[in-house]
Amino acid sequence: SSAASDVYKRQLWEDSQTKPLAPLRPVLPNLRRQLSDPAKYGFGAGMRLVAFPLVNADGYEYSRTTYRYQRGNRNTKDAEEKGCSKGSTGWPGVDLNRNFDGFGSWGQTGVSWDACSSQQAFPGGGAFSERESAGLRDWLAGRKNDGVALVAGVDQHTYGGDVFHGPGGAGAPG
């Protein structure tokens, strides 16, 4: 167990990893507000905010230089093997939101099994098949193994600046 894990037994993690269009910037003011008044939002001493501002670096770079509306990473192996036409925007890659295995539901809803689809909803070859989603999964599992309680997680993948949360959540950003 590392010294950091011994000090910070409660962590909030934030990532902006799946959609290259989604900068971390819109969520930071809400997080700052929550952490500046810990008692109001239920955070106490020893809380640590861990942020991954950009996990999908290759998708982000592609969206910045080639195709502004790129959603996935740049793993185009499946599209290339299928013989997809590259087109003016290139191959779509894997949609990292759909590469996670939430409660054993990988690939069940909202996906396109066509790696060539312009919907950019291809979930990859299997749950956590992409290095970006596998890396985040491994980091989260490591914190749990260190005895760290991950009290909240935010996956920022919108550029509208809105924060959505499940029903019944206490201490919603205000």
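Every read-out reported here was derived from the displayed coordinates using simple, explicitly stated rules and does not represent laboratory data. It should be emphasised that the depicted structure is a prediction, and the values quoted were computed from it without experimental measurement.
In table form, for the structure just shown:
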item: Karplus-derived 3J(HN,Hα), 6.51/-1.76/1.60, for each residue of the stretch 61-77, Hz, glycine and proline x; result: 4, 5, 5, 7, 10, 10, 9, 4, 9, 4, 9, x, 7, 9, 7, 9, 3
item: Reciprocal of mean inverse Cα separation for the stretch 92-133 (Kirkwood radius, Å); result: 10.0
